[in-house]
Amino acid sequence: MKEILPGLYILRRDRLATSPPSQEPLYGEKIVDGLRVWDPRRSKLAALLLRYPCLEGVVPSGKVLYLGAANGTTVSYLSDILTGGMIYAVEISPRAMRDLLLLAEQRENIIPVLGDAARPETYRRIVEPVDLLYQDVAQRNQAEIASRNASIYLKPNGLMVVMIKARSIDSTARSTEIFDEEIRRLSGVEVLRRVDLPHHRDHVAVVTRKLR
Ligand code: SAM
């Protein structure tokens, strides 16, 4: 077992693991030697970190704006490794928010926000400047949503990771063309790397840094 980032371990067979505050599995995951197994097939962020552990400087104490938190599966793993940090977890679906609220009750570093990531000004009173903007909303205008949030909330030099799903944008055009076009639409950031995600067909992760 090797630690690839503070509190993030790589196990055999391409699995990641984190050290949770309690030993109870939250989403039916395995616990091995006290560590929560983080399956890259179930989380695009886990798949990205296996290929490119880009969160240096963000963990363990950074602030994160997470757009598209869903029921909190991936948020819970980020919470494990952000022991001194904070996650502002934005989700539009009230149904998913119910699960997220239950998770946030157990964690001191998650602030759930029921809101629309396409209207970032609506959560200005809650969210503070962040070191990482992570977006996984599967919407047609993903690049625009990410750029607008970054312009308001991301610190200069901060990291932005956008999970781009080709099928959310156009179900007929070739994926590579869609990804290129979407990346061109990101503004105010420089692209550090584009990563094809293992286990997630039709998705790429775009890792960027905000310009000063
Ligand atoms: N990131 C999650 C994980 O790994 O556990 C999965 C996210 S799922 C692919 C996409 C989520 O984005 C859904 O829960 C959906 O309700 C949410 N979503 C879609 N549009 C949104 C918007 N405009 N604002 C906030 N959340 C949105």
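Of note:
- Mean accessible surface per residue for the chain, computed with a 1.4 Å probe while every protein chain stays in place, in Å²: 49
- In order along region 190-204, the phi-based Karplus estimate (6.51 cos²θ - 1.76 cosθ + 1.60, θ = phi - 60°) of 3J(HN,Hα) comes to 9, 7, 8, 6, 10, 10, 6, 8, x, 6, 10, 4, 6, 10, 10 Hz; Gly and Pro are listed as x.
- Helix content alone sets the calculated 222 nm mean residue ellipticity of the chain: runs of n ≥ 4 DSSP H residues at -39500 (n - 2.57) each, divided across all residues, give -7500 deg cm²/dmol.
- Relative contact order, percent, the chain [alpha-carbon distance under 8 Å, six or more residues apart]: 16
- When the solvent-accessible area of the chain is split by element, carbon and sulfur atoms take up 46 percent of it, the probe being 1.4 Å.
- Pairs spanning more than 24 Å between alpha-carbon atoms, out of K30/K63; K30/K155; K165/K210; K2/K30: K30/K63; K30/K155.
- DSSP bridge pairs, the chain: antiparallel proportion in percent, nearest 5: 55
- Under-5 Å amide H pairs with I87, H placed in peptide plane, nonlocal only: V64, I110, I111
The values are calculated or read from the model by the stated rules, or taken from the named source; none is laboratory data. Small disclaimer: the values here were computed from a predicted structure and weren't measured. Remember, those area values only see protein heavy atoms, side chains included, never the ligands or the DNA or RNA. Shrake-Rupley method; radii C 1.70, N 1.55, O 1.52, S 1.80 Å.
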